[in-house]
Structure formats: structure tokens, C-alpha cells
Amino acid sequence: MLHRPIRDTQDFLLSNYFAEGLRITFGVLCPSLVMAHFGMLQYGMTLSLGALCVSIVDSPGPIHHRRNAMFVTTALLFLVTIIVGLTNKSDLFTGVLLVVFSFVFSMLFLYGNRAASIGTSVLLIMILSIDDVRPWQEVIFYSMLVFIGSIWYTSLSYLIYRLRPYRLAQQTLSDSIHEVADFLRAKAKFYSQNTNYDKNYADLLQLQVDVHQKQDEVREVLFKTREIVRESTPQGRFLLIVFTDMVDLFEQVMSTYYNYKQLHEQFDSVGILSHYEEAINKIADSLDDIAFALKSGGTPHLAGNLEKDLEKLRQEISDLEQHKNKEYNTLGIIALKNIEVNIENIVARIKTINKYFNKKEQRKIKKGEVDVGKFVNSQEINTKLLLNNLTFSSSTFRHSVRVAIVMLVGFVAARSLDFAHSYWILLTILVISKPGFSLTKERNYHRIIGTILGAFIGMGILHYIHDKNTLFIILILFMIAGYSFQRKNYVVSVIFMTPYILIIFDFLGMGTMSIATERIYDTLIGSGIAFIGSYSLFPNWEHEKLKEAMADMIKSNQWYFKEVTKLYFEKGFDLTNYKLARKEVYVTTSNLASMFQRMFSEPKSKQVYMKELHQFTVLNHLLSSYIASLSLYIKEHNFVCVSYQDIKPIAENTNYLLENAGENLNKQNDELSNVPLIRLKNTSGLELSDADVVIAEQFDLIQKVSYDIFKLTEKIKI
């Protein structure tokens, strides 16, 4: 494998982030360059403005969603530029219009991120048009130029997609595989001596959130793209089978959760755990190779000597069994065996995925058995949802009212200051204001840091470099970087965007130092207004959604457990329901972990039950990991158990505990119940095999964790 920094750089240059940066830069810059060639730069910049505004909604997703969103945005941009252009002579009317539009377009958050980005795009064109007072004939012409610029970018984006229709799917799938590889590396740290369990676990939870988000992006692109869903081409079937195999592989990775402290106590002296760590890291490298091959069109390979490492592990386990003593108990050696077998199964799955990269093998891939349509959520645009949310109990409504008020405050502040570009205050408020306090605080911090650093970089460049050709090259590079990082790392995006804006103003002969200083002042003023508003005006605190998120987490784990126990107690098995239950666990775990992280950014007075919430998150992660292990014992390891009927009461009690844990969250009494744990009884009289012992132990572990969750929910009164 290439040296990591080199591979990371190559990977980024082949990513959708960089492709997006190139597409937006070309789409925005091209009209200005063409019109400048004919001496009409002013018209070209208006065309570029239309292209820039419509590019905001062109985020990854199925092409028909992107196309429709860009057409809707184009129409709205045209209408809003006419309305604002005809009314911006009156500050009073403009203020009223700003409040109304800010509220209406902020309510689009109800319909998902793409709809929200349409609202952001329309508010952006409004803010940039407020100070542009023209005769009505020029207003119509200006609106037409914005319309043409929007159509130009929409056509460009659609054409690029048609030239390489599977490229976005390859890139998003590649990103999701990278996240699984990082998750594996975090798992590998648990096998290292003197490891920090708490830090590792916190990292693991955050990485699980990242894996889910990336997998959700892949589902959006794969399962909502008609050509891929129909599996009408070998390439479409290939992408679907790689993704479904990767989700199964992630379940296997999730299942390898053991009592690492006990393993270290028993086996640190012989050094076998460090060999597990090496093998798992090599598996992560192999996954990175698959991810890179998806983007580059190459062929992935297993990391060097991985199979030999597995042979050595098997031999080491065999030696431990032969020289077994009090230090190495049976369950400890069984755990080592299970981990090794699980690693083998993961490697086998990786080898299978590697085979799919062969064109001949791609033609042999059969149509999938799972109904992929059930794995994506669709949000219909209906007025009923909007009307139901016109109340202060709705977080979106409160956010929209807050945005309308802070935009009005920003407008009054901008009119009161004698700045040439005071619309930057409104622009800052627009990009910073988010539905939750913690997200607004984070965006605020990134915006201020990025703007100040970017302004100093821009001033430094313009002070030392005066050659226009060199400045133009720097401008293009900074544009590409700014747009490439806008979804990946916002602070880096702003650091690059600020200098490129200063260079543009320099080309237009508007000065540099005064512009840079004004941008910093406007950013600080806008940031202050947005931050104060998010704290004092109908704020949305994370603890308001805590009970619902915790209840959803318990329900999803219970559903997952029920689907897995069907493998043991019932003959019929619905693969789609099983995978839906598994996906729901990933979704609710991600939601809860994200909420927990966001609560840390909130004031101390709003951080309720932090210790208990951390315990709850840890216990539910353990529970889903143990359930995943239970499913793999019968699906992957082919364990056979003769004592199913003896285990069934434990499974029923686990369901009972989880059912009551969910109900506890809604109870307000302080009485503690006394629910017993069910113990395994060997009614068959037969000697239990290793498989029986392991399966019984796993059911018992799941029951104990469910009991801990049940007792914890009795203490939490939200």
C-alpha cells in the first residue's frame, strides 16, 4: 500500500468533494470569463451569481432529485430577484419582505436538507439584491441573467452526470468503506496493551455515527437512482452487491465486542492480542484498497501476509488449548477462537468483494433478494405537514421565527452602519443560523476563525503578489479548494473562500485592506447577532428530544433482537425485515450518539442526565454488538445448539425487560420494580457442547445488558 499521506491526497483528488469543487468553480467562473472576453464582465458576474446560487442545492443524491431541486430553485431565484428588485427602494418594505421570506424559506427544513438548501439559495439571492437599486427595466434584465446563469449550471451538472452516471455512486460508496476501515482501526486499539478504554470507546461511538451517515448517503444515491435499482447493468448490480456486502461486513465488525479487560488479564503475557491488532489493521488497509479501487478503476488486493497472519493466529490458539491452565479458561479461549473465526469470515467477504472487480465476475452477479425501496425514506412535499408545524411546539417553527427576527436585527444593523458591503452581516447570519444551539455555536466558531485567517492570508497574497496572471491562478486554486471543502470541513472552506473574494475585489479595483477589515467586522457583527438569537430566542435544546431518542433506541434494539431470535426459534426467516431492523439500530444509535455529543456544546444548565445518558449509550451499543454476535453464530459460524427450548425463557425475559425499559421513560413514579433474571436450566440432561455454552452465554449476556438498561431507565425522569 502507498504511503498514507500520498494515498490520502490521491483519494481526495478522486473524491466527490474535489469533483464538486471543480464543477462549481467551472460553472461559476466560466460565464464571467466568457463575458469578460466581450467586454461585458458585469453581465458575466450576474450570470455567475445565478450559477453560484443554484449550485447550493446540487448536493449528492439521485439525479432526478438534484435536477428537480435545481429547476425549482431557478424559478424561485427569478421570481425573488424581480420582487426584491422592484421593492428595494423602500427600507420598510424590504424589511417586511426579509422577515416574511426568512420565515417561509426556513420552514423548508421540514422537508429535508435539499429543501432547506433551496431556502438558503433563495435567501442568498435576496440578500445580495437588497442594495442593488435599479430601474424596473434593468431589474427584469438582471433577473433574466440570474435565470440564464442558473440554467447554465443546471445543464452543466446534468451533462456531467450523464457522461459518468455511476461516478457519484462509486465515490459515495468509496467514502463509506473508508469510514468502516477507520471504525476497524478503532476496534483494533482495544487489543493494544495499556489501551485507554474510555477514549477508545468515545472514538468508536463517533465513528459509528460517521459510518451510518455515509451509508445513508450511499442508500440515497444507490436505492433512489432508477438505473441502479433496476439492476439493469453489470455496473449497477456490482455497486449494489458491494454495498450490501459491506453492510453485512460492518455487522461482523460490530459483533466483535468482548470483555477486553478480561482478555488482557488472561493473554497479555503471551502477546497474542497484539497479533490480533496487527491482523485487524491489515484488514482495514484492505478495505481502504477497495475504496480507492472504486474511485480509481483499479483492482484491490489483500494487505500483505494477512492470510499468513491468520494461520499464525490459529496455531497460537491451538498451542494455548494444548497448554491450558488456570490462567486460560475455556471461555477465554472460545472468545479468541470466535474473534479469529470472525476475522476469517471478514477476510473471506473482502476476497469475495475483490472478485467483483473482475468484469467477467460482474456479469455473473445476480439480482438481489432484498427490496431496496424499503431502506430509504421519502419526504413528500405536502401542506399538511407545514400546517401541523405552525406551532411553538415545533422546533422548525421556532427556528424559522428566530431566523426571521435575527435577519431583521441584522438588516437594521446593516442600515445603521456606513459600510459598503453591509449585506455580509445578513450573509453571515444566514449561513450560521441552524435549528439547534450547538450546531449554530459550532458554525459560528468556524465562520469567525475561517474569516479572520482567510482575510490575513488574502491580504498577505495581495501585498506580495501583483502579477495578474499569478493572482488569477491563485484565485482558481482557492475557489476549487473553497468549494471542495464546503461539505467536508467548513472552517477550511471559509479559510480559502475569504482570500478568493478579496482577490476578486482587487481585480474589480475596489481595494483590499478596507474590504478585508470590513469583512471581518461584518462577520463578527453577524456572528454575534446569530449566536445571541440562538440562545435567547425560542432556543432548541437537545434534552427536549432526549426521551424520544432513547425510546427509539430501545425499540430498535428490541426489534433487532426479535429478528435474530427467529433464526433460533422459528423456521421462517425474512431477510428484508432482519436487515431493516439492523439498519434501524444503526440509525437510532447514530442519532443518540450525535445528540449526546451536541449536548456537550450547550450551557451546563441544559446538560441533563449526562452521566446516565453516557451509560445508556454505552449499554445500548453493547446490546446491539452482542445481538450482532448472536446472529453471526448461526449465520456465519454455523453453530448448532441442542438446548433452544432451555434458552427461550431467557429470550422472552429479555424482550420483557426491553419492553418495560421503554415504558419506564414515560413513567413519573419513583417506585423501583424487581424483575428477576432467568437462569439457564439444562432440562435435556445432555452434556452441553462448546456451541451450546457459547450461545447460552450470549443470550445471558444480552439479558444482563437489557436488565441494566431497564434499571437505568427507572432512574431517568425526563
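Every number in this text was worked out from the coordinates using simple rules, so none of it is lab data. Not measured: the values here are computed from a predicted model. Here the Cβ is made from the backbone with ideal geometry for all residues, glycine too, and neighbour counts use every protein chain on show.
When the Cα convex hull of region 520-630 is projected onto planes of every orientation, the mean area is 9.5 nm². How large is Rg/Rh for region 137-234, to two decimals, with Cα atoms and a Kirkwood Rh? A ratio of 1.26. Kirkwood Rh, the chain, all Cα pairs: how many Å? With all distinct Cα pairs of the chain included, I get 28.4 Å. Near V608, no amide H atom lies under 5 Å from its own; only residues 5 or more places off or on other chains count, and H is placed 1.01 Å from N.
When the alpha carbon coordinates of region 1-163 are projected onto the principal axes, the ranges are 64, 44, 28 Å, largest first. Relative to the longest principal axis of the Cα atoms of the chain, helix 330-356 runs at roughly 50 degrees. Cα convex hull, region 405-537: 87 Å³ per residue, rounded to a whole number. In percent, rounded to a whole number, the relative contact order of the chain is 14, using alpha-carbon pairs under 8 Å and six or more apart.
Seen from L310, the other residues with C-beta closer than 10 Å to its C-beta sum to a net charge of -1, counting Lys and Arg as +1 and Asp and Glu as -1. In this structure, the amide hydrogen of Y166, modeled 1.01 Å from its nitrogen in the peptide plane, lies closer than 5 angstrom to no residue at least 5 positions away or on a different chain. For the peptides 429-437, 86-94, 168-176, the ranking by packing is 168-176, 429-437, 86-94, with the highest mean count of neighbouring Cβ atoms within 10 Å listed first.
In this structure, the pairs whose alpha-carbon distance is over 18 Å, taken from K295/K359; K547/K715; K261/K282, are K261/K282. Against the compact-protein benchmark of 2.2 N^0.38 Å, the Cα-based radius of gyration of region 382-431 scales to 1.49. When peptides 192-204, 532-544 are ranked by their average number of other Cβ atoms within 10 Å per residue, the highest-first order is 532-544, 192-204. Kindly identify region 76-162 as rounded, prolate or oblate by the Cα gyration tensor criterion: order the square roots of the eigenvalues as a ≥ b ≥ c, call it rounded if a/c is under 1.5, otherwise compare a/b with b/c, prolate if a/b is larger, else oblate. Taking the square roots of the gyration eigenvalues as a ≥ b ≥ c, region 76-162 is oblate.
Taking the C-alpha atoms only, the angle from helix 167-188 to the longest principal axis of the chain is near 50 degrees.
Using only Cα atoms, find the angle between the long axis of helix 16-37 and the longest principal axis of the chain, and express it within 0 to 90 degrees, rounded to the nearest 10. Rounded to the nearest ten degrees, it is 10.
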